[in-house]
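Trainee: Sharing a structure here in structure tokens format.
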Amino acid sequence: MLYYLIAAVIIALDQWTKHLVLNYMERGESIPLIADVFHLTSHRNMGAAFGILQNQRWLFIVITIAVVVGIVFSLIRIGKKQPRTSLALSLVLGGAIGNFIDRATTGQVVDFLDFTLINFPIFNVADMAITIGVGLLLLDVLLDGKKKDR
């Protein structure tokens, strides 16, 4: 149950921050928090990470549904037996659903976190959760590999 709560918190935080951007910023507006380093920039993305696969709304919806179903089954199966993996999956689940809500309702994802210092693609809370979750899953693979080597 804890892992579903984590996913729900991610979804709520993601949707709340996107709501703030939609209601208080004009599209394209950029507010420097740290000049030339980190800005809040109101942006819409109709594709996937780094803007790839633009205008493939239904593809993303179908893939996200499959991923969400797979994660839920995995969480049911592994639950508390593998807490790091379950945490990682809950982060990916929350992020996937957060971006899914945008795609399903408007066809585009609201992005706003903008690291201008390194010209990184603009992203959102859901993207962060997915990235951290995938990073934890990769860590699990590396740590399990080291255990097997011993």
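Trainee: Between the stretch 79-102 and the stretch 103-147, how far is it from one alpha carbon centroid to the other, in angstrom?
Mentor: 12 Å
Trainee: To test your reading of the geometry: what angle, between 0 and 90 degrees and rounded to tens, separates the Cα axis of helix 83-106 from the longest principal axis of the chain?
Mentor: It is inclined by approximately 40 degrees.
Trainee: Turning to a different aspect of this structure: Peptides 117-130, 60-73, 24-37, 83-96: what's the order by average Cβ count within 10 Å, highest mean first?
Mentor: Per-residue Cβ counts within 10 Å, averaged per peptide and sorted highest first, yield 83-96, 117-130, 60-73, 24-37.
Trainee: For the chain, what relative contact order do you get, as a whole percent, if you take Cα pairs closer than 8 Å and at least 6 residues apart?
Mentor: Relative contact order for the chain comes out at 32 percent.
Trainee: While we're looking at this one, here's another question. How would 58, 16 rank on accessible area, largest to smallest, probe 1.4 Å?
Mentor: Descending order: 58, 16.
Trainee: Still on this structure: With +1 on each Lys and Arg Cβ and -1 on each Asp and Glu Cβ, how big is the dipole of the chain about its Cα centre, in debye rounded to the nearest 20?
Mentor: In total the dipole reaches around 820 debye.
Trainee: Return one number: the angle in degrees, 0 to 90 and rounded to the nearest 10, between the long axis of the Cα atoms of helix 57-78 and the longest principal axis of the Cα atoms of the chain.
Mentor: 30 degrees
Trainee: Tell me the net charge near residue 14. Cut-off is 12 Å between Cβ atoms, residue 14 excluded, with +1 for each Lys or Arg and -1 for each Asp or Glu.
Mentor: Residues near residue 14 contribute -2 overall.
Trainee: Projected onto the charge dipole of the chain (+1 at Lys/Arg Cβ, -1 at Asp/Glu Cβ, origin at the Cα centre), which of 62, 2, 45 gives the Cα projection farthest towards the positive end?
Mentor: 2
Trainee: Now for a different question. Tell me the angle of helix 2-24 to the major Cα principal axis of the chain, expressed in degrees between 0 and 90 and rounded to the nearest ten.
Mentor: The two axes meet at around 10 degrees.
Trainee: Further question: Full extension from residue 80 to residue 16: what is 0.36 nm times the residue separation minus their Cα-Cα distance, to one decimal in nm?
Mentor: Once the chain is fully extended between residue 80 and residue 16, it gains 20.1 nm.
Trainee: OK, next. May I ask which residue of 117, 101, 137 lies farthest towards the positive end of the charge dipole of the stretch 101-147, with charges of +1 (Lys, Arg) and -1 (Asp, Glu) on Cβ and the Cα centre as origin?
Mentor: Farthest along the dipole direction, towards plus: 137.
Trainee: Quick one, which of (1) 0.96; (2) 1.02; (3) 0.94 is the actual Rg/Rh (Cα atoms, Kirkwood Rh) calculated for this model?
Mentor: (2)
The values are calculated or read from the model by the stated rules, or taken from the named source; none is laboratory data. Note that the structure is predicted; figures quoted are calculated from it, not measured. A quick note on method: Cβ atoms are made from the backbone with ideal geometry, for glycine too, and the neighbour counts reach across all protein chains shown. Ligands, DNA and RNA are excluded from the accessible area calculation, which covers all protein heavy atoms including side chains. Shrake-Rupley method; radii C 1.70, N 1.55, O 1.52, S 1.80 Å.
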